[in-house]
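Input: a single structure, listed below in structure tokens.
The values are calculated or read from the model by the stated rules, or taken from the named source; none is laboratory data. What you are looking at is a predicted structure, and each value in this text was computed from that prediction instead of being measured. Heads up, the Cβs are rebuilt from the backbone with ideal geometry, glycines too, and the neighbour counts pull from every protein chain shown.
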Amino acid sequence: MNDPVSPPASRPAGNVPEYSVSELAGTLRRTVEEKFAFVRVRGEISGFKRHSSGHLYFALKDAEAVLDAVCWRGQAARLGLAPEDGMEVIATGRLTTYPGRSKYQMVVERIDLAGRGALLKMLEDRRLRLAGEGLFEAARKPALPFLPEVIGIVTSPTGAVIRDILHRLAERFPRRVLLWPVAVQGEGAAGQIAAAIRGFNALPVGGAVPRPDVLIVARGGGSLEDLMAFNEEEVVRAAAASTIPLISAVGHETDTTLIDFAAALRAPTPTAAAEKAVPVRAELLAGLAELGGRLTGATQRRLGDLRQRLGALFRALPDPRRRLDEAALRLEDRAERLRNALPNLLSRRGAELELLAGRLRHPRERLAAESHRLALLATRLEHGWAQARSTEAARLDRESLRLEQNVGRLTAALPRLLAERAARVETAARLLESYSYRNVLARGFVVVHDAAGQPISSAAAIAPGAALALEFSDGTVAATASRPRRKGDDNQRQPTLL
């Protein structure tokens, strides 16, 4: 038996063909691709990654094995769902090998969810995630207008949905309708629906194409798979971001899609969406007629009440002619009294003036009296001034004499005061000198200072080895203290001064 690890040169020549690595890899690739040109594989998506180029890379796994998979960019755009980790799917495609790594992988062309339960779980997980981002909050949703001028509709142009909506609008209240045709199921449907919602919102106000006041996204009934386009995250985010109020009318009353949670209002059917978008014109006209009748009746009743009040007030007022006659009579009386009052007033004022004139003195008499009084005052002033001058002169003489006397006394007292102050200063200096501690130093005593220059008065305050300064009467000597000697300890040495 040949050794499998022996070099090729050691093997005997035989009929077994010899392959290069590239030839063997190519043969294996052709075999795998021919044998497995179309396969459907069920498994759980793991390690999902979307490359910047648009390619999708992931693995399909079950309890026993793992299969690498790739979905090229062109096919990834037509998958119809967004793969996620943990999603159980059925992948359709073909197997191929990668000779550079001795690996095999599946090239995926289509992905379907594995069963309705997995699809519902995926939708519930997506709903919870989008709700966690706040996309379904009521505060984000704009209010519907009472009577929109323009209604934008996003649906298929060929289905019965658009006909039902237009018919219902025509019955209730005809409005201007803009249709944005889209595919409502299949590949690319979600992208078209999201683009239509964003397109309506991008229309400028007052532009050539009128901006809708409300949007209706509608589709007829169908299976859960048929309604998947309205469950895609792209559509839900576009509906949540719409500034135009959006009505979701997808499927029948029992059908629920994720766009229903993001819409401003959910309608059970497309026909119901038209009913919620506009009121009934006939009912509005009837209501207006009823309100008009009520307004007319209320106006007539109000006018009747005002007429009654005006009649009562008119009856309570006096006769205007009689009031005018009374006023004219009073005016004539006031005029007569005024004509008589002016002469009487002038007469009284003349009598009063004559009385006052009799009491007044003649101006010459008053001038003579005032001149005499002025002369008298001038004489008194002159006499007082002369007397004041003589009195002030005498006072000044007395003050000058006293000042001269004080100057003489001060001149004599100043030398005596200076001599007394000098004697007192000399006595205090001799006393201060006698109290000085330097006289004590001259008798042989010493003042001990610490390193800071402060005097030390106790041996206990000196630490061994402390630097000291001994002040004598003729100078200072540095010293170092040894252990201090206590009272009663005659055996110990006294501090040594070094």
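Side notes on the structure shown:
- Scan of the stretch 206-257 for residues that are free of Cβ contacts under 8 Å to residues at least 40 places away in the same chain, farther than 22 Å from Leu130 by Cα and in contact with a strand residue (DSSP E or B) (Cβ under 8 Å, 6 or more places away or on another chain), ordered by number: Val209
- Whenever a residue of the stretch 36-51 is polar (S, T, N, Q), its partners that are part of a strand (DSSP E or B), lying with C-beta atoms within less than 6 angstrom and at least six residues away or across chains, give the pairs Ser46/Ala59; Ser46/Lys61.
- Unmet criterion (only one of (1) crowded, with 19+ Cβ neighbours inside 10 Å; (2) free of Cβ contacts under 8 Å to residues at least 40 places away in the same chain) for Leu285: (1)
One line per residue, one yes/no per condition, for (1) outside any helix (DSSP H, G or I); (2) of a type in the set (Phe, Trp, Tyr); (3) closer than 27 Å to Glu283 by Cα; (4) touching a residue at least 12 places away in the same chain (Cβ under 8 Å):
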| residue | (1), (2), (3), (4) |
| --- | --- |
| Leu130 | no, no, no, yes |
| Leu135 | yes, no, no, yes |
| Pro142 | yes, no, yes, yes |
| Pro145 | yes, no, yes, yes |
| Pro148 | yes, no, yes, yes |
| Ile153 | yes, no, yes, yes |
| Pro157 | yes, no, no, yes |
| Ile165 | no, no, yes, yes |
| Arg168 | no, no, yes, yes |
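Here is a yes/no grid of residues against (1) in contact with a Gly (Cβ under 9 Å, 6 or more places away or on another chain); (2) surrounded by 15 or more Cβ atoms within 10 Å (Cβ to Cβ):
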| residue | (1), (2) |
| --- | --- |
| Leu178 | yes, yes |
| Pro181 | no, no |
| Ala190 | yes, yes |
| Phe200 | yes, yes |
| Pro204 | no, no |
| Leu224 | no, yes |
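- Selection count, the stretch 81-106, where residues are part of a loop (DSSP other than H, G, I, E, B) and touching a Lys or Arg at 6+ places or on another chain (Cβ under 8 Å): 1
- Test for Ala170: is it within 30 Å of Leu81 (Cβ to Cβ), surrounded by fewer than 17 Cβ atoms within 10 Å (Cβ to Cβ) and either of a type in the set (A, V, I, L, M, F, W, C) or touching a strand residue (DSSP E or B) at 6+ places or on another chain (Cβ under 7 Å) (or both): no
- From Arg301, Arg337, Arg309, Arg294, residue being of a type in the set (Lys, Arg) and closer than 30 Å to Glu171 by Cα: Arg294
- Assessment of the stretch 259-266 against the conditions (within 30 Å of Asp226 (Cβ to Cβ), in contact with a Ser or Thr (Cβ under 6 Å, 6 or more places away or on another chain), assigned to a helix (DSSP H, G or I) and in the same structural domain as Ala218 (by TED's automatic domain parsing)) yields at least one matching residue.
- Pairs, first more than 17 Å from Lys49 (Cβ to Cβ) in the stretch 64-80, second of a type in the set (Gly, Ala, Ser), C-beta under 9 Å, six or more apart: Ala65/Gly43; Gly74/Gly54; Arg78/Gly188; Gly80/Gly186; Gly80/Gly188; Gly80/Ala189; Gly80/Ala190; Gly80/Ala229
- The set of residues in the stretch 274-286 that are modelled with pLDDT under 90, assigned to a helix (DSSP H, G or I) and either among the β-branched types (Val, Ile, Thr) or within 42 Å of the chain's Cα centre (by Cα) (or both) is empty.
- Filter result (among the aliphatic types (A, V, I, L, M) and either within 60 Å of the chain's Cα centre (by Cα) or outside any helix (DSSP H, G or I) (or both)) within the stretch 311-359: Leu317
Residue-by-condition table, conditions (1) in the same structural domain as Ala189 (by TED's automatic domain parsing); (2) part of a loop (DSSP other than H, G, I, E, B); (3) at pLDDT 90 or above:
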residue	(1), (2), (3)
Arg237	yes, no, yes
Thr243	yes, yes, yes
Ser248	yes, no, yes
Glu253	yes, yes, no
Ala272	yes, no, yes
Glu290	no, no, no
